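Only one structure is covered here, and it is reproduced in the block below.
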Amino acid sequence: MRMHLLSLAIALWSVPCGAMSDDELRAALERRFRDDRTSACVAAAVIDKATIARAYVCAKSQRPCDEHTAFEIGSNSKPMIAVLLAELIARGEFTLDDPITKLLPAGTSVPSFDGHQITIRDIVTHTSGLPPFPWLITDMSNPYAALTERDLLDALAATKLTRAPGSQWEYSNFATMVLSYALARRSGKDFETLLRERLLAPLGMNDTYVAKRPPHVRLAQGHLSNGLPTVPWDFPVDMAGVGGVRATLPDMVRYLEGQLGTRESTIAPALARTQQEVASASGHTMGMNWEILSTAKIANGHSIVMHGGGTGGYTSFIVFDRAAQRAVVLLSDTALGLFGGLGQLGLHLLDPSQLAGAPRIAATADAKLIDALVGRYRLQNGLGIDLRHKGNALTTQADAQPEFEMGFDSAGDFYPLAFDALLRPKRKADGIYTFTWFQLGGAFEAARITPAPAADKWTPSEAQLREYEGNYPLWSTYGLRVFSTDAKLFVQGTSQRPLELASVERDTFVAESVGLEIGFERDADGIVIALTHKQGGQVLRGERR
């Protein structure tokens, strides 16, 4: 349920002129999701000053989805907590630098580090030092359902901080649960009632809820990333500020109008306060539970504010530019966190010069790739796992577990057909394959135990390296420069440092340190005409210039 931070190369940010129409938005969603193997349905809105475009698109099957359909917004609940807090601060009841103990019931035990207490600022900027989640999760299909107030307070008392609060950024659902609980207890009302009175009602968000669903609202069926249905997540009401809010697209439009300052309400000043920068740590610039995209302070001087969210079967993303009066909201009935969520698409809709991403289409893996992966591995978490080639497919079997067949998609990733996970092949500089396993919000590197199949190593001459030199645009604002020097090949992305490439076979090179693989294409005369850039589950093609 963590926010998926983006590592996109945003070289030139220029908010486009002209508002988007409903048809244009629908077309953009269809380009991204048509035939996508996830079968995801997406509800989207783009606000451009007084114009609002809305669209509902499904990748394959047409599931019911309209203005009365609610989605779990996951961690996009967190900035809503910040609004409640900002009101208290505006009334002079607290400051961001007060210890969190000031909000909690008397006698609550809260950890500290060398005399440094956890402040409210630390909580809303993910620098508290509290871990992401303090309990051993036994049911990942509904991880919060069994938690109690006693569990929360006991875990808080038992936590030992390993660094000073405020010194390092680490996303913490635990910290936000503490804040949600504290605000509810202090108000004397349950969190859902508090949220409705102080945020939802003033903005007219009458179809947004935690547990008390309005009769005319239908919660969308959630799905795993492989298209299988899954159950909604249940939250103890007073801890639901961590990710328990459910909302319709029209209500999220009202919410964003409030964030842009175009919808009048009594909470307008509190909404604006949450967007102001209050901390910067470990490369993250933070408002109050908002991520501020500092690299967007280019060209027009605007700051881009954003947050992503996801639960076991849903994904959401919000991004807006208050100065330009432009905003985007995306809601999906499918868990897309294994692929980075909806952030890339959201930034594209905010500024079409940015890359939108491509659908993940089911494909057939090359038998040579499967054979190169076959073997026994151990994941970082200690789990042993065997990969086998059976028929036309790769199978995986973890220790003491059944064997499962894997699908393959156009992004180059394998995925279990029976549960939600991802296996991303990774080629090393010596040509040997290993992989990264993604599951339950974690990324686990695999170490090969059995000997790898022999890899043919190709060592190009200086003349052969020069055949690849050139510029290869990948999209309108980003491209690669390939050059050679001292019998070595390098690649340099727009506004980035050069990376040395290691040859693994003819026309294929890797930069192992960043998980990058580049393959070059030749025409019938043997002239290099294009390259394919594979990294992080994304495949991009650029023609040589």
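Kindly put ARG376, ARG322 in sequence by how many other C-beta atoms sit within 10 Å of each C-beta, fewest to most. Present the calculation step by step, with values, prior to reporting the outcome.
Values: ARG376 15, ARG322 18.
Least to most surrounded, the residues fall as ARG376, ARG322.
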Once you sort the root eigenvalues of the Cα gyration tensor of segment 462-543 as a ≥ b ≥ c, which label holds: rounded (a/c under 1.5), prolate (a/b larger than b/c) or oblate (the other case)? rounded
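Going through the cross-link list LYS102/LYS212; LYS368/LYS426; LYS390/LYS426; LYS102/LYS160; LYS428/LYS534; LYS189/LYS212, which pairs have a Cα-Cα distance over 18 Å in this structure? Spell out each step's value before the answer.
Working: LYS102/LYS212 30 Å; LYS368/LYS426 14 Å; LYS390/LYS426 21 Å; LYS102/LYS160 20 Å; LYS428/LYS534 13 Å; LYS189/LYS212 15 Å.
Result: LYS102/LYS212; LYS390/LYS426; LYS102/LYS160 exceed 18 Å.
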Would you calculate, for the chain, the mean residue ellipticity at 222 nm contributed by helices, counting each DSSP H stretch of 4 or more residues as -39,500 (n - 2.57) and dividing by all residues, to the nearest 500? -5000 deg cm²/dmol
Collect residues whose amide H, placed 1.01 Å from N in the peptide plane, falls under 5 Å from the amide H of ARG263; neighbours closer than 5 in sequence don't count. GLY258
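So what is the relative contact order of the chain, in percent, for Cα pairs below 8 Å that sit 6 or more residues apart?
Working: 1253 pairs, mean separation 80.8, N = 545.
Across the chain, relative contact order equals 15 percent.
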Could you list log10 I(q)/I(0) for segment 139-277 at q = 0.12, 0.22 Å⁻¹, which the Debye formula gives when each Cα is one point scatterer? -0.61, -1.40
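Taking all pairs of distinct Cα atoms, average 1/r, flip it, and tell me the Kirkwood hydrodynamic radius of the chain in Å to one decimal place.
Details: mean 1/r = 0.0403 Å⁻¹.
This gives a value of 24.8 Å.
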With r defined as the distance between the Cβ atoms of ALA463 and LYS189 and R0 fixed at 60 Å, what FRET efficiency is calculated, to the nearest 0.05? 0.20
Karplus ³J(HN,Hα) for segment 214-230 (6.51 cos²θ - 1.76 cosθ + 1.60, θ = phi - 60°; Hz, whole; x = Gly/Pro) runs x, x, 8, 9, 10, 7, 4, 5, x, 9, 6, 5, 8, x, 6, x, 9
At q = 0.11, 0.14, 0.18, 0.21 Å⁻¹, what base-10 log of I(q)/I(0) does the Debye formula yield for segment 235-335 when every alpha carbon is treated as an equal point scatterer in vacuo? -0.37, -0.60, -0.98, -1.26
Just report the Cα centroid separation between segment 382-431 and segment 324-364, whole Å. 25
Through the Karplus equation 6.51 cos²θ - 1.76 cosθ + 1.60, θ set to phi - 60°, convert the phi angles of segment 233-244 into ³J(HN,Hα) values in whole Hz; use x for Gly and Pro. 8, 9, 10, x, 4, 6, 9, 6, x, 6, x, x
Near the amide H of ALA363, under 5 Å away, which other amide H atoms are found, from residues 5 or more places off or on another chain, if H is placed in the peptide plane? PHE408, ASP409, SER410
Hz values of 3J(HN,Hα) by residue in segment 381-386 - Karplus curve (6.51, -1.76, 1.60), Gly and Pro given as x: 7, x, 6, x, 8, 10
Pull up all non-local amide H partners of THR285: gap of 5 or more, or a different chain, and H-to-H distance under 5 Å with H placed in the peptide plane. ILE292, SER294
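Counting other beta carbons within 10 Å of each Cβ, put HIS223, HIS68, HIS284 in order, fewest first. Intermediate values should be presented prior to the final figure.
Working: HIS223 24, HIS68 14, HIS284 19.
Neighbour counts put them in this order, fewest first: HIS68, HIS284, HIS223.
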Expressed in nanometres to one decimal, the distance between label points 7 Å along Cα→Cβ at ARG545 and ASP97 is 5.0
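No lab work stands behind these numbers, since they all come straight from the coordinates. This structure is a prediction, so every number in the text was calculated from the model and none was measured. Positions of Cβ are generated from backbone atoms using ideal geometry, with glycine treated the same way; all protein chains shown enter the neighbour counts.
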